[in-house]
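I have placed the structure first, in the form of structure tokens, so that the comments after it can refer back to it.
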Amino acid sequence: MVSPLLANVYLHQVDRAWQEDEHGVLVRYADDVVVMCRSREQAEAALARLTVLLGELGLEPKLAKTRIVHLVEGGEGLDFLGFHNRLVRGRTPRSAHLTFLARWPARKALRHARDRIRSITARSRLLVPVEQIVDELNLFLRGWAGYFRYGNSALLLGQIRNYALRRLALWLSKRGNRRRAWGWGMAQVMRSPNHLGLISLDGIVVPPRPMRAWKAERRR
């Protein structure tokens, strides 16, 4: 897309002018920005500095999306680049004494996924071959899961895959003129040894590494 590319070119001046030691660590992708600070005072100074730098470019922060968030256990967390980030405590005996930054798909990302699945399995597409519907669902699920496979996303990835399964069953029921027999469509899917070819998203999540440096997954 041209828009993110132009944003990176235009906002590169912000990156160059930013002083990390004074205002915290700035993380930016296109026009989405998060600044990680050590204290509320530094966060307020960072917001003021960012407002000045954007003003020099004829821009200003979006008030609806700009706020200071205190990352604490049990706090509200924040959304960035489709992920919801929240400080949580470990749930296993070995990690119960640790707090770490967990991440999973944000609500907006989940809504987008459901919207896309509904559009693929819309009533207007009842004449499309079953194989094409499944291929389109798989294409979307692979891409969506490929992006959100990091952190603590396993539960939500499973929910999205199950939603796609239910929508496929509903689409089959409508295609077979069995509008009141949603169970018939589900039976057709479940009788298939591979759910009509709909991919599974089990076992693809890269787990978090509490209190340890990020390490890219090794692929063989």
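The values are calculated or read from the model by the stated rules, or taken from the named source; none is laboratory data. These numbers were taken from a predicted model, which means no experiment stands behind them. Note: ideal-geometry Cβ built from the backbone for every residue, glycine included; neighbour counts use all protein chains shown. For accessibility, only protein heavy atoms count, side chains too; no ligands or nucleic acids. Shrake-Rupley method; radii C 1.70, N 1.55, O 1.52, S 1.80 Å.
What tally of residues in region 104-125 results from selecting those that are touching a strand residue (DSSP E or B) at 6+ places or on another chain (Cβ under 6 Å) and surrounded by fewer than 19 Cβ atoms within 10 Å (Cβ to Cβ)? The number of residues fulfilling the criteria is 0.
Would you confirm whether or not region 74-86 contains a residue that is over 26 Å from Tyr10 (Cβ atoms) and among the aromatic types (Phe, Trp, Tyr)? No - not one qualifying residue is present in region 74-86.
Leu57 falls short on exactly one of the conditions (1) open to solvent by 100 Å² or more (accessible area, probe 1.4 Å); (2) over 26 Å from the mean Cα position of the chain (by Cα); (3) at pLDDT below 95, and that condition is (1). Give me the residue from region 139-152 that is open to solvent by 10 Å² or more (accessible area, probe 1.4 Å) and assigned to a helix (DSSP H, G or I) and, out of that set, farthest from Arg103 (Cα to Cα). Result: Leu139. What about Asn177, is it under 21 Å from Pro105 (Cβ atoms) and either out of contact with any helix residue (DSSP H, G or I) (no Cβ under 9 Å at 6 or more places or on another chain) or surrounded by 14 or more Cβ atoms within 10 Å (Cβ to Cβ) (or both)? Answer is no for this residue.
Mind checking which residues of region 67-86 are open to solvent by 50 Å² or more (accessible area, probe 1.4 Å) and free of Cβ contacts under 8 Å to residues at least 40 places away in the same chain? Even if it seems obvious, please write down each step before you answer.
Let us first name the residues in region 67-86 that are open to solvent by 50 Å² or more (accessible area, probe 1.4 Å), namely 67-68, 70-74, 76, 79, 81, 86.
Correct list: Arg67, Ile68, His70, Leu71, Val72, Glu73, Gly74, Glu76, Asp79, Arg86.
For the criterion of being assigned to a helix (DSSP H, G or I), open to solvent by 100 Å² or more (accessible area, probe 1.4 Å) and acidic (Asp, Glu), Asp15 fails. If you check Arg89, Arg116, which single one turns out to be under 26 Å from the mean Cα position of the chain (by Cα), closer than 28 Å to Asn152 by Cβ and touching a residue at least 24 places away in the same chain (Cβ under 8 Å)? Selected residue: Arg116, the only one of Arg89, Arg116 that is under 26 Å from the mean Cα position of the chain (by Cα), closer than 28 Å to Asn152 by Cβ and touching a residue at least 24 places away in the same chain (Cβ under 8 Å). List the pairs whose first member sits in region 5-33 and is modelled with pLDDT of 90 or more, whose second member is of a type in the set (D, E, K, R) and open to solvent by less than 100 Å² (accessible area, probe 1.4 Å), and whose Cβ atoms are under 6 Å apart, counting only residues at least 6 apart or on separate chains? As it stands, the answer is His23/Arg49, since those pairs meet every condition given. If the condition is being over 18 Å from Trp18 (Cα atoms) and acidic (Asp, Glu), then region 52-94 contributes Glu73, Glu76, Asp79. Can you tell me which residues in region 92-103 are open to solvent by 30 Å² or more (accessible area, probe 1.4 Å) and either farther than 19 Å from Ser153 by Cα or of a type in the set (Ser, Thr, Tyr) (or both)? Listed by number, the residues that qualify are Thr92, Pro93, Arg94, Ala96, His97, Leu98, Thr99.
Only one of Leu110, Leu139, Leu157, Leu126 is over 29 Å from Glu76 (Cα atoms), of a type outside the set (Asp, Glu) and in contact (Cβ under 8 Å) with a residue 12 or more places away in the chain. Can you tell me which?
Details: Leu110 fails: over 29 Å from Glu76 (Cα atoms); Leu139 fails: in contact (Cβ under 8 Å) with a residue 12 or more places away in the chain; Leu157 fails: over 29 Å from Glu76 (Cα atoms).
Exactly one residue qualifies, and that residue is Leu126.
Looking across region 20-52, the residues that are among the basic types (Lys, Arg) and either out of contact with any helix residue (DSSP H, G or I) (no Cβ under 8 Å at 6 or more places or on another chain) or assigned to a helix (DSSP H, G or I) (or both) come down to Arg38, Arg40, Arg49.
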